[in-house]
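Trainee: Can you read through this structure? Questions will come right after.
The values are calculated or read from the model by the stated rules, or taken from the named source; none is laboratory data. Since we're looking at a predicted model, the values are computed, not measured. Quick reminder, even Gly has a Cβ in these numbers, built from the backbone with ideal geometry, and neighbours come from all protein chains shown. Only protein heavy atoms, including side chains, enter the accessible area calculation; ligands, DNA and RNA are left aside. Shrake-Rupley method; radii C 1.70, N 1.55, O 1.52, S 1.80 Å.
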Amino acid sequence: MTYIIAEPCIDIKDRSCVDVCPVDCIHEFERILIIDPEECIDCFAGEEQLLTRQGIRTFAELENQPVRVLTDSGFKPALVKRFRRKPLVKIELAPAFEERDRYGGWRLTTRNISRFRRSIWATPTHGWLLADGEKTSSLEPGQFVPAMRAVPKRDGESYRLGVLHGLVFGDGSWNRVEVRSGDHVHYVALFGERVARFRDFFDQLNFWSSFDVYLGYAGTGVVRAGVNLKRSLPETADAEYLAGFADGWLAADGDPVRAGSWRLRSTDHEALEWLEAVAPYAGYIVIGSGEESNRETNFGVRSRPIRWLYLATRETYWRVMSVEAKEADEEDTFCAVVPEIHSFTLAGGVYTRNCGACEPECPVEAIFPEDALPEKWEPFVKMNYAYPDPDAINKLVDDYATEHNVQNPPLE
C-alpha cells in the first residue's frame, strides 16, 4: 500500500520522513514532498498465502479482488493489489512462547522439542509489527512477530455438526447407506472424558452391552450425513464448523501436552497437511510437526508411518531465525490494502502489517495511508501519482494552495 503526503506539508517540507524511509521513495519539489507511489511498496511474493474469509489464497490469485482478511479485529474488508518488481528475501520463523525466567519475570523463548519452521518470501524492507508493539522495516534474526488466529464461536449448530464430523473422522466408523434417505450412517463409540463431553451433540445415542463392560463407556453416537464423513474433509466449511471439526478430531485422536497444546497423530498425511493450513481458522496455531520412525504394531508393520502435529491455543509468537537474500531476478510484489487496520494474517497465523516508517516521523501529521486519507485531501492522491513529472506536481500544488488559501505556519 502506498502513502500520500497531504496539505500540512505545503511550504513546510520537513525531511524527517526522508531520513527514515527505507526505500528512498520521498522526493522534494518546489513546495511539497511527494512519495513515489510505485516505489513506496514493500510486501510479498505472489505465491505467498494469506488467510481470507474465502479460505487460504495466494496474493497472485486475489489480484484486484475485494476480500475479507483476518485481522486482530476479525475478518475485515481488503483489496489485494500488484505492485512493481522488487528483490525478495527468505524469512525463516520458529514458534515461540512466553515463559518465566529465573528472576520471576517473563521472556519469549523458542525452547521446545520441535524443529518446526515456517518460511516467507517478502521484500527486505517490508514493515512488520513486533511482539513488543514496536514496528520495524528491517526484520532481523532474534526479533519476534506475533501470531494471529481466528476466534470462532463454539456454541452454534455449525460447530455442533463440525464436532460430529471430527469425531467420526478421527475415531468413528462408517456403517451403511440408508436406502430410503440415502444418508450415510456412522457410529462413534464414546470412551473417555474427552469424547464423552460431546455426548449431547448427537441426535441419537445407543448403548451397546458389548461395550458397556469397558471402563469409561458413555454410549455410541449415531451420525447421519449426506456424505461419508470418514473419508471427507470440510474443505469449504465456515470457521465455526472448522473449529468443531478440529475439536472433535483432537478429542478422538489427540493427546493434551503442554498448557494449551495438543499432539495429533495420524497415518492420513494429507489430512494432517490440510489441518495444518486451516488451523488458524479453528483457533489453533501449528507449532510443530514430525514423523514417528517406528512402524511396528501388534498386528504387523504399518503401510504408512504415523505423522503428528502440535497445535497450540495459548499465546504464540514467531521468532525470526534467519533473513536470506534470494539469488534470483526481481519479482512482482503484492499487498493487501486493509482500510483503517493496515494489518493482516499470512498462512500459518503470521501477523504482519503494511509499510509506513515515514508516517510517525512527520511533525505536522501530513502522511497518510492511501486508504485512510481524509476525504478533504483527496486531491493529493493525484499530486502524488503525478510523480515524477515536476511541472505537473508544482502546478497542481500551486492551484490547490491558491484555491484553498493554504498558509501553513513554519515549524518552530
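Trainee: Between the DSSP loop rule and a limit of at most 16 other Cβ atoms within 10 Å, which chymotrypsin sites (Phe, Trp or Tyr not before Pro) in the range 47-134 are left? Don't skip to the answer; put the middle values down first.
Mentor: Working: sites: PHE59, PHE75, PHE83, PHE97, TYR103, TRP106, PHE116, TRP121, TRP128; in loops: PHE59, TYR103, PHE116.
Answer by residue number: TYR103.
Trainee: With no solvent and one equal point scatterer placed on each C-alpha of the range 256-412, evaluate the Debye formula and give log10 I(q)/I(0) for q = 0.10, 0.14, 0.18, 0.19 Å⁻¹, two decimals.
Mentor: Debye curve over Cα of the range 256-412, log10 I(q)/I(0) at q = 0.10, 0.14, 0.18, 0.19 Å⁻¹: -0.67, -0.95, -1.22, -1.28.
Trainee: Next question, about the same structure. For the range 142-281, with all protein chains present and a 1.4 Å probe, just round the carbon and sulfur fraction of the accessible area to a whole percent. Display every interim value, and only then the final one.
Mentor: Working: 3500 of 6960 Å².
Whole-percent figure for carbon plus sulfur exposure: 50.
Trainee: Pick from LEU50, LEU88, LEU108: which residue has the top mean-square fluctuation in a GNM of the chain where Cα pairs under 10 Å get a spring?
Mentor: Maximum among the listed residues: LEU108.
Trainee: Can I ask one more? Cα centroid distance between the range 377-391 and the range 51-115, in Å?
Mentor: Result: 33 Å between the Cα centres.
Trainee: Note the angle between two axes, namely the Cα long axis of helix 390-403 and the longest principal axis of the Cα atoms of the chain, as a number of degrees from 0 to 90, rounded to the nearest 10.
Mentor: Once rounded, one gets 80 degrees.
Trainee: For VAL179 and ALA328, calculate 0.36 nm times their separation in residues minus their Cα-Cα distance, and state this gained length in nm to one decimal. Please list the in-between numbers first.
Mentor: Details: separation 149, 0.36 × 149 = 53.64 nm, distance 5.96 nm.
Gain on stretching VAL179 to ALA328: 47.7 nm.
Trainee: OK, next. I'd like to know how the range 77-169 sits against the 2.2 N^0.38 Å rule of thumb: what's its Cα Rg over that expected value? The partial results should precede the final answer.
Mentor: Details: Rg = 18.8 Å, N = 93, 2.2 N^0.38 = 12.3 Å.
Rg over 2.2 N^0.38 Å, computed on Cα atoms: 1.53.
Trainee: Right, something else. Among the aspartates and glutamates, which have Cα under 13 Å from the Cα of LYS382 when same-chain residues fewer than 8 positions away are ignored?
Mentor: Filter leaves GLU7, ASP36, GLU370, ASP399.
Trainee: I would also like to ask the following. With a sphere of radius 12 Å drawn around the Cβ of ARG82, what net charge do the other residues whose Cβ falls strictly inside it have (Lys, Arg +1; Asp, Glu -1)?
Mentor: Local charge sum for ARG82: -1.
Trainee: At 222 nm, what helix-only mean residue ellipticity would the chain give, in deg cm²/dmol to the nearest 500, using -39500 (n - 2.57) for each DSSP H run of four or more?
Mentor: Using -39500 (n - 2.57) per qualifying helix, the result is -5000 deg cm²/dmol.
Trainee: Which order do VAL397, VAL381 take by accessible area at a 1.4 Å probe, largest first?
Mentor: The most accessible residue leads, giving VAL381, VAL397.
Trainee: Then there is this: Can you give me the Cα centroid spacing of the range 241-264 and the range 299-321 in angstrom?
Mentor: 12
Trainee: For helix 157-171, report the angle its Cα long axis makes with the longest principal axis of the Cα atoms of the chain; keep it between 0 and 90° and round to the nearest 10°.
Mentor: It works out to around 60 degrees.
Trainee: Just flag the chymotrypsin sites (Phe, Trp or Tyr not before Pro) in the range 224-326 sitting in loop per DSSP whose Cβ has no more than 10 other Cβ atoms within 10 Å.
Mentor: In loop regions of the range 224-326 (DSSP not H, G, I, E or B), the sparsely surrounded chymotrypsin sites (Phe, Trp or Tyr not before Pro) are PHE299.
Trainee: Give the whole-number value, in cubic angstrom per residue, of the convex hull volume spanned by the C-alpha atoms of the chain. Intermediate results must be reported in sequence, preceding the final value.
Mentor: Working: hull volume 81.6 nm³, N = 412.
Cα-based convex hull of the chain, divided per residue, equals 198 Å³.
Trainee: Expressed as cubic angstrom per residue, what is the convex hull volume of the alpha carbon set of the range 160-200?
Mentor: Normalising the Cα hull of the range 160-200 by residue number yields 77 Å³.
Trainee: Return P(r) of the range 1-73 (all Cα-Cα pairs; 5 Å bins starting at 0; whole %; ordered from short to long distances).
Mentor: Bins of 5 Å from zero give 3, 13, 19, 16, 12, 11, 12, 10, 3, 0 percent of pairs.
Trainee: For each pair in LYS13/LYS86; LYS153/LYS326; LYS90/LYS230, compute the distance between the two Cα atoms and list the pairs where it is over 31 Å.
Mentor: Among LYS13/LYS86; LYS153/LYS326; LYS90/LYS230, the Cα-Cα distance tops 31 Å for LYS153/LYS326; LYS90/LYS230.
Trainee: Compute the length gained on full extension between GLU38 and ASN206: take 0.36 nm times their separation in residues and subtract their Cα-Cα distance, giving the result in nm to one decimal. Numbers along the way, then the final one.
Mentor: Numbers: separation 168, 0.36 × 168 = 60.48 nm, distance 6.54 nm.
Stretched out fully, the GLU38 to ASN206 stretch lengthens by 53.9 nm.
Trainee: Moving on. Three principal axis extents, largest first, for the C-alpha atoms of the range 32-92, in Å?
Mentor: 39, 30, 21
Trainee: Then there is this: Relative to the present Cα-Cα distance, how much length would full extension add between ARG199 and ASP101 at 0.36 nm per residue of separation?
Mentor: In short, 31.1 nm is gained.
Trainee: Just to be sure I understand: with springs between alpha-carbon atoms less than 10 Å apart, which residue in VAL213, VAL177, VAL222 has the highest mean-square fluctuation in the Gaussian network model of the chain?
Mentor: Answer for the Gaussian network model of the chain: VAL213.
Trainee: Which value, to two decimals, describes the C-alpha radius of gyration of the range 236-292 once divided by 2.2 N^0.38 Å?
Mentor: 1.06
Trainee: Normalised by the residues of the range 35-75, what does the relative contact order come to in percent, with Cα pairs under 8 Å and at least six apart?
Mentor: Values: 36 pairs, mean separation 12.9, N = 41.
So the answer I get is 31 percent.
Trainee: Tell me the trypsin sites (Lys or Arg not before Pro) within the range 127-168 that lie in a loop according to DSSP and have at most 14 other beta-carbon atoms within 10 Å.
Mentor: In loop regions of the range 127-168 (DSSP not H, G, I, E or B), the sparsely surrounded trypsin sites (Lys or Arg not before Pro) are LYS153.
Trainee: Tell me the Kirkwood radius of the range 95-241: reciprocal of the mean inverse pair distance over distinct alpha-carbon atoms, in Å.
Mentor: With all distinct Cα pairs of the range 95-241 included, I get 19.6 Å.
Trainee: Can you give the local net charge around VAL338? Use residues other than it whose beta-carbon is closer than 10 angstrom to its beta-carbon, Lys and Arg +1, Asp and Glu -1.
Mentor: +1
Trainee: Which residue fluctuates most in the GNM of the chain (Cα springs below 10 Å): VAL80, VAL337, VAL20?
Mentor: Its mean-square fluctuation being the largest, the pick is VAL20.
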